[in-house]
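> My questions will all concern the structure given below.
The values are calculated or read from the model by the stated rules, or taken from the named source; none is laboratory data. Keep in mind the model is a prediction, meaning the values are calculated, not measured. Quick reminder, even Gly has a Cβ in these numbers, built from the backbone with ideal geometry, and neighbours come from all protein chains shown. Keep in mind that these areas ignore ligands, DNA and RNA; they rest on the heavy atoms of the full protein, side chains included. Shrake-Rupley method; radii C 1.70, N 1.55, O 1.52, S 1.80 Å.
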Amino acid sequence: MTDSSYQQAPTITLDPGLPLPGSITRPDYAPGERDALISEIKSLLPEKDAVLVAHYYTDEDLQMIADATGGTVSDSLEMARFGNRHPARTLVVAGVRFMGETAKILNPEKRVLMPTLQAECSLDLGCPPEQFIPFCDAHPDRTVVVYANTCAEVKARADWVVTSSIAVDVVKYLHAQGKKILWGPDRYLGDYVQRISGADMLLWQASCIVHERFKAAALQNLARQYPDAAVLVHPESPKEVIALADVVGSTTQLINAAQNLPNKRLIVATDNGIFYKMKLAAPDKIFMEAPSAGEGATCESCAHCPWMAMNHLRNLAEVLRNGNNEIHVDPEIGRRALRSTQRMIDFAAGRR
Ligand code: 13P
Ligand code: SF4
């Protein structure tokens, strides 16, 4: 039995006035505009010695362009690694701010641009450094492990950075060395990692506004209706939803599962932007969104991250034309954040 503690970690309640972007639909393109933007972006990328690094939750046009131009569409771990390996001088990161910052931390000599600098993440917002750092200082006996969905200052205070694809393995490794963990910021992922690893973990209490809306009771009903279906769940989801999963994993791990499982029908509890790649990976399968509406749902972001949706063709073209929206990380903070982030990259390389 571990002494994992929930009650000591502060819960950060997001400001109800938080400026969530109003629309999660793509812009209304004028006739011909979409095709024109796509071909302009495809020419600008090589012209500017730039490569597009996109997350699976972004608009499928952006994912298509990244694939077609030698960029990547991937989970947070691979997004972080890709910039390192690619020779382009400019990385254009389509995703949310922490992804751009992580690219800059790992590639301080490169220019990192983002289609928008307003794309936040509720986990990052829920872990302000001015509160998290004193919390770490108050627990000097614990190894600080933070999710990549955090700002550079928080990464700089951490001993380890992890993403969802590697969190369990890193914590198991630290637990085997007798280390006690201070984990931030995702309470659900932290709880999942704690249960799998058996480690002693003190958990910060932030959450993802997209994944925490998946509803266990409605999911159970859907799974009963389709007993042939496999249930795929991202571990940022609540414990009761994870308990119904056949596979729990990062976005890439879920796409691999969709491809490799024998089930023809798949119920998926993560952002619905993932369906673009899942359908390409497993074209003969039937995909269903896990329910995020139903009783008790407020659902301002039903299965789609409103910040990821802020990336679109217009602002991607604009940033390539003008070189706006450059990510800057204070060099001293970046140097310290590199230590904990590079540990993750090295660990992942060793694991492979
Ligand atoms: P992945 O690393 O699994 O892509 O997750 C990133 C994220 O923000 C999920 O909400
Ligand atoms: Fe953050 Fe959730 Fe959006 Fe991922 S889906 S970027 S965890 S708010």
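> Can you tell me which residue within region 47-61, out of those that are under 18 Å from Lys110 (Cα atoms) and away from ligand 2 (no atom under 16 Å from the Cβ), is most open to solvent (accessible area, probe 1.4 Å)?
Glu47
> If you don't mind, another one. Looking only at residues that are assigned to a loop (DSSP other than H, G, I, E, B) and not acidic (Asp, Glu) in region 310-336, which one is surrounded by the fewest Cβ atoms within 10 Å (Cβ to Cβ)?
Selected residue: His328.
> Another question about this same structure. Can you confirm whether region 213-225 contains a residue that is within 20 Å of Thr150 (Cα to Cα) and crowded, with 19+ Cβ neighbours inside 10 Å?
No; the residues of region 213-225 include none that is within 20 Å of Thr150 (Cα to Cα) and crowded, with 19+ Cβ neighbours inside 10 Å.
> Shifting gears a bit: Which one of these is acidic (Asp, Glu) and more than 24 Å from Val329 (Cα to Cα): Asp186, Asp137, Asp159, Asp191?
Going through Asp186, Asp137, Asp159, Asp191 in turn, the sole match is Asp191.
> Restricting the search to region 39-61, which residues are under 23 Å from Ala281 (Cα atoms) and either part of a helix (DSSP H, G or I) or small (Gly, Ala, Ser) (or both)?
Residues satisfying the conditions are Ala54, Glu60, Asp61.
> Can you report the number of residues in region 75-87 which are under 19 Å from Ile41 (Cβ atoms) and out of contact with any Gly (no Cβ under 9 Å at 6 or more places or on another chain)?
The qualifying residues number 1.
> In region 177-201, how many are under 21 Å from Ile133 (Cβ atoms), open to solvent by less than 20 Å² (accessible area, probe 1.4 Å) and in a helix (DSSP H, G or I)?
2
> Another question about this same structure. Which ranges mark the strands (runs of 3 or more DSSP E) fully within region 203-301 that have 1 or more residues being within 14 Å of ligand 2 (Cβ to nearest atom), within 24 Å of Leu77 (Cβ to Cβ) and within 22 Å of the chain's Cα centre (by Cα)?
Those strands (runs of 3 or more DSSP E) span 230-233, 265-269.
> Looking only at residues in region 109-161 that are among the acidic types (Asp, Glu) and free of Cβ contacts under 8 Å to residues at least 12 places away in the same chain, which one is farthest from Asn315 (Cα to Cα)?
Only one residue fits best here, namely Asp137.
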